[in-house]
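Quick notes on the structure that follows.
The numbers here are math on the coordinates, done by the rules we state, and not lab data. Keep in mind that this is a model prediction, so the values were computed, not measured. Neighbour counts run over all protein chains shown; Cβ positions are idealised from the backbone, glycine included.
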Amino acid sequence: MAAPAAPSRTVLERFPAGGPRGSWPAEEFAAARRDQGIDAHVVMDLGSDQFLVVTNATH
């Protein structure tokens, strides 16, 4: 039995995890995209130590 396919995502932008204290540039970027009607959210990529702003890929 095959495992279900992972959802396809598009990375809109990458931000370093070591930003200044109290600064949330990835969250601000995602919020601005949501204001434009794009379903964007932030995930942490532990391998690269970056916050990624992603959206589900459209077909």
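Just grab the label-to-label distance for VAL11 and MET44, each label 7 Å out from Cα along the Cβ direction, in nm (one decimal).
Here the answer is 1.7 nm between the modelled labels.
In deg cm²/dmol, rounded to 500, what helix-only [θ] at 222 nm does the chain give when every DSSP H run of at least 4 residues adds -39500 (n - 2.57) and the total is split over its residues?
Result for the chain, helices only: -5500 deg cm²/dmol.
With the crude spin-label approximation of a point 7 Å out along Cα→Cβ, what separation in nm comes out for ALA32 versus THR55?
1.4 nm
Less than 12 Å Cβ to Cβ from PHE51, Lys/Arg counted +1 and Asp/Glu -1: what total charge do the surrounding residues give?
-4
Once the Cα atoms of helix 25-35 and of the chain are each reduced to a long axis, what angle between those two axes, in degrees from 0 to 90 to the nearest 10, is obtained?
60 degrees
What is the set of long-range amide H partners of ARG9 at a cut-off below 5 Å, with H atoms built 1.01 Å from backbone N?
For ARG9, whose amide H was placed from the backbone, the distant partners under 5 Å are ALA57.
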